[in-house]
Amino acid sequence: MTTDKPHQNLAMIGHVDHGKSTLVGRLLYETESVPEHVIEQYREEAEEKGKGGFEFAYVMDNLAEERERGLTIDIAHQKFDTDAYYFTIVDCPGHRDFVKNMITGASQADNAVLVVAADDGVQPQTREHVFLARTLGIGELVVAVNKMDMVEYGEPRFREVVEEVKELLDQVQFPTSDASFIPMSALQGDNVAERSENMDWYDGRVLLEALNDLQEPEPPTDAPLRLPIQDVYTIEGAGTVPVGRIETGQLRPGDDVSFQPSDASGEVRSIEMHHEEVDLAEPGDNVGFNVRGIGKNDIRRGDVCGPAADPPTVAETFQAQIFVMQHPSVITEGYTPVFHAHTAQVACTVESLDRKVDPSSGEVLESDPDFIESGDAAVVTVRPQKPLSVEPSDEIPELGSFAVRDMGQTVAAGRVLSVTER
């Protein structure tokens, strides 16, 4: 990949049936990131199955299946480029995986496309994704009002949906002045790469123009290496190969590294990326690497790899600011849900509710509240039930955000303010 253009991670968010996969497929197609013959093949298959027109969604599904079959180190990331940027799409297909992906991969998304179907409007999941994007510090939102073909390309319905979304963005203090709203049809290709004749009432930018105009992301801090481990493989001839995405810092063969909280360490022998050996890996790179003296059972998913001289922080407790998105009752001291931070999933107990704050301004509304509930933001002290490596989000933001899951849903999201080390 040539690097004459800056890179951006783009999250695709929005309700499950609102056409995210079709839009991703369409973007890959319009930017010629999927070879024409591949699309043709999918189109034929789709038509044979009586699903003509689904070829873009089909591209995504087939890529997903291929990923499941083969061990590709570059998990779930589709790439395309525009005149201004190289984009990696962090697609959030199933809702259950979404939050995990948001935290373990896409929390590092710089910006997001929120897909809202014109016929359906804002749905509970739309709401949840927007809250998450806000809590996790996504910069700009491009709102794709999709499926305009389902509402006969009518401007009045587009305006209604825009108002609904604006209201939602106002609720979470997402600056609506920065958001662009684009009426489009991913299936038909209206206003994705080219202006649609079906909506001559719209004179704004098409999707690719809006993506080109996104602000350039801030470069990662000069933080030390932090590489959350996604999986550990045993590969013949190479031995134990941990796999993960570098969040901060650099990794080179010969580096002495430490894995926390497993507390294993060794020297990096080799690094592989896209099935090729490399002698330097940097933030955003998905790598597999081999470490001298590390066995398959010494480390596990959820560990973080860092320099032996400056190892990842392991928390005895940590203080965090959380935003409660949805909880059937209330959260009190002693509540022990599962925290998803980078690639780790650890049950953690809320030891104390320190203060309730205004979600937008951060000003303290109440000290030591008895409980917090849906819609509240609060500063809490948390004790992991087993060792967990996290970092304060103002030092290493990439390792400072988390989602809280309970009863099969995301109940809260937040970021780490400070860590008391074990």
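The values are calculated or read from the model by the stated rules, or taken from the named source; none is laboratory data. The structure presented is a predicted model; accordingly, all values stated were derived computationally and were not measured. Please note: Cβ atoms are built from the backbone with ideal geometry, for glycine as well, and neighbour counts cover all protein chains shown. All accessible areas refer to the heavy atoms of the entire protein, side chains included, with ligands and DNA or RNA removed. Shrake-Rupley method; radii C 1.70, N 1.55, O 1.52, S 1.80 Å.
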Q: Restrict the check to region 386-396 and report whether at least one residue is over 24 Å from the mean Cα position of the chain (by Cα) and within 16 Å of Ile322 (Cβ to Cβ).
A: no
Q. Of these, Val161, Val206, Val130, which one is modelled with pLDDT of 95 or more, touching a strand residue (DSSP E or B) at 6+ places or on another chain (Cβ under 8 Å) and under 29 Å from Val324 (Cα atoms)?
A. Val161
Q.
Checking Asn297 against (1) touching a residue at least 40 places away in the same chain (Cβ under 8 Å); (2) under 28 Å from Glu316 (Cβ atoms); (3) of a type outside the set (Val, Ile, Thr), only one condition comes out false. Which one?
A. (1)
Q: List the strands (runs of 3 or more DSSP E) that sit entirely inside region 262-338 and contain at least 1 residues that are open to solvent by less than 10 Å² (accessible area, probe 1.4 Å) and hydrophobic (A, V, I, L, M, F, W, C).
A: 264-273, 286-292, 304-307, 314-324
(Q) Among the residues in region 141-149, are any touching a strand residue (DSSP E or B) at 6+ places or on another chain (Cβ under 9 Å), among the basic types (Lys, Arg) and within 24 Å of Asp376 (Cα to Cα)? (A) no
Q.
Only one of Leu10, Leu63 is at pLDDT 80 or above and either assigned to a helix (DSSP H, G or I) or within 20 Å of Ser185 (Cα to Cα) (or both). Can you tell me which?
A. Leu10
Q) If you take the residues in region 307-340 that are touching a residue at least 60 places away in the same chain (Cβ under 8 Å) and of a type in the set (Ser, Thr, Tyr), which one is nearest to Phe131 (Cα to Cα)? A) Thr317
(Q) Here is a check on your reading of the model: is Gln215 in contact with a helix residue (DSSP H, G or I) (Cβ under 8 Å, 6 or more places away or on another chain), touching a residue at least 12 places away in the same chain (Cβ under 8 Å) and either buried (at least 20 other Cβ atoms within 10 Å of the Cβ) or in a loop (DSSP other than H, G, I, E, B) (or both)? (A) no
Q) Restricting to region 370-388, what's the tally of residues that are outside any strand (DSSP E or B) and either on the phi > 0 side of the Ramachandran plot or surrounded by fewer than 19 Cβ atoms within 10 Å (Cβ to Cβ) (or both)? A) 8
Q) Mind checking whether some residue in region 344-366 is open to solvent by less than 40 Å² (accessible area, probe 1.4 Å), touching a residue at least 60 places away in the same chain (Cβ under 8 Å) and farther than 23 Å from Ile229 by Cβ? A) no
Q: State all residues of region 218-260 that are touching a Lys or Arg at 6+ places or on another chain (Cβ under 8 Å) and open to solvent by less than 30 Å² (accessible area, probe 1.4 Å); if no residue qualifies, say none.
A: Leu227, Pro228, Ile229, Gln230, Val232, Thr240, Ile246, Glu247, Thr248, Gly249
Q | Residue among Asp120, Asp178, Asp190 that alone is among the acidic types (Asp, Glu) and within 21 Å of the chain's Cα centre (by Cα) | A | Asp178
